[in-house]
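Right, one structure below, let's go through it.
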Amino acid sequence: MQSLKVHPLIACPPRPYLDKTSYLLRTSDAVCVVGGLYLSFGYYGVAWEGGHTLAAVVAVLLFQVIAGSQGLYRPWQIGRAVTELLTVALSWSLVVPALVLLALGLHPSHPDSRVALLCWLLLSPVALALCRRLLRFALTEFGALRTSVAIAGASALGARLARSFQQAPWSGVRVEGFYDDRARERLDSSVGSVRGNLSDLVERVNAGAVDVVYLALPLRAEPRAQALIHRLADTSASVFLACDFGGFEGLKTDWSSVGPIPVMSIVDTPFQGASGYLKRIEDLVLGSIIMGLIALPMLIIALGVRLTSRGPAIFKQRRYGLNGDSIRVWKFRTMTVCEDGDKVTQAKKNDTRITRFGAFLRRNSLDELPQFLQVLTGEMSIVGPRPHAVSHNEAYRGEIEGYMRRHIVKPGISGWAQVNGLRGETETVEQMRRRVEFDLHYIRNWSLLLDLRIIFMTVFGSSARKNAY
């Protein structure tokens, strides 16, 4: 299992030579979408009309908004080719319904228009993914964006910065070397060789050997950084400040401004703006489909609960939802008790309170099905951190740092912790801490692709049913 620790490395302001690749990607995507529509119409002999221009513009704008929210225009994050292809296909699939509705409203006059549109909708994700891989290959092989970078500060931050550049060969960035005034024993062991001190760096810049300087000095070394910036003021080199905010244990790091003052988020929800709308659309679309499939089974289960034990079919328990607000989570009753007070005893293996029919429901997570109604109402999400009983929240929030950060997003029916086997009874604080780590990992790394992966693992994975009793 990959490490859950995330140390954000922020360059401020953004690297202009890397941002060029973002513009190239956006341009490439726009050309693929518009060019694909034009070629499809040309192949089927369909005349271009005003409505087709509208469809092309809508497709480009929607795709770029959705793809942007999924990180497809972050050029410093390469990722695996398969992951990028799947994310492109997923982003395009969310554009398709809007284009279908638009096509129905336009009432195309040419008999082959709908065939051409279908061809465009099916082939566009293939063209988008192929063009992206070709563009990255070209940038890597031909070094279209050659830039010489020097790192001031032989620190752990500087070493990570260098590795980030080395992992993005297509960016054309060449790390010229590290420079630091400190004695060798004070330098970070992961840096390796140091080319010289800060005076040597200034000389290299003046000689034209360095295009960009990154300051990776500790925050306490502000006077040294100021002095270096002053000395570099007489050169044409770009100077950037690399900031390491890993010590703050943040969730989501992003830059914004309050008037002229730059600020950075340390703890924030990933579901802002377009991402929030996409998450809600995902819940509504998938939730509606799932509800259509499980409506009849839910009625049968409710009847089974009532016939096999005394008490209500639905059990409602107070739990914390979004922003720590109290909600009542619905479940099919699986026990002979309905605990919802200041003390709630977690279910244990061979728990005598669990009914025979309830054991079957819990083992297959069927007791959670009523929560899909709460997904449609907006109280919950299909995927997210599992909500705990209020009494458990109050017990653990003082024991585990960052515990309540789970509640900056909606609680989910299934989550990253659950599909990795971290469910059921938590006998120790360490077990709950591990579960919280997985929940926070999900929040830091959210994407639609990750949601679909969790849904797939919930249905077909064996770990999702581990400790289910």
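Rule-based calculations on the coordinates, nothing more; no lab input. This is a predicted model, so every value here is computed, not measured. Methodologically, a virtual Cβ is constructed for each residue, glycine included, from the backbone with ideal geometry; neighbour enumeration extends over all protein chains shown.
By per-residue mean of other Cβ atoms within 10 Å, what is the highest-first order of 367-379, 272-284?
Values: 367-379: 18.4, 272-284: 16.2.
By packing density, highest mean first, the sequence is 367-379, 272-284.
What is the calculated FRET efficiency for residue 174 to residue 44, with r their C-beta to C-beta distance and R₀ = 60 Å, to the nearest 0.05?
Working: r = 48 Å, r/R0 = 0.80.
The value I calculate is 0.80.
For the pair residue 53 and residue 314, what calculated FRET efficiency results from E = 1/(1 + (r/R0)^6), where r is the Cβ-Cβ distance and R0 = 45 Å, to the nearest 0.05? Provide the component values of the computation, followed by the final result.
Details: r = 52 Å, r/R0 = 1.16.
Once the sixth-power term is evaluated, E becomes 0.30.
Mind ranking 307-313, 156-162 by how tightly packed they are, going by the mean number of other C-beta atoms within 10 angstrom, highest first? Before the final figure, lay out each step's value.
On the way: 307-313: 12.6, 156-162: 21.3.
So the order, starting with the most tightly packed, is 156-162, 307-313.
Any idea how far the Cα center of region 398-469 sits from the one of region 287-322, in Å?
Taking the Cα centre of region 287-322 as reference, the centre of region 398-469 is 22 Å away.
If r is the Cβ-Cβ distance from residue 274 to residue 219 and R0 is 56 Å, what FRET efficiency results, to the nearest 0.05?
Numbers: r = 33 Å, r/R0 = 0.59.
It comes to 0.95.
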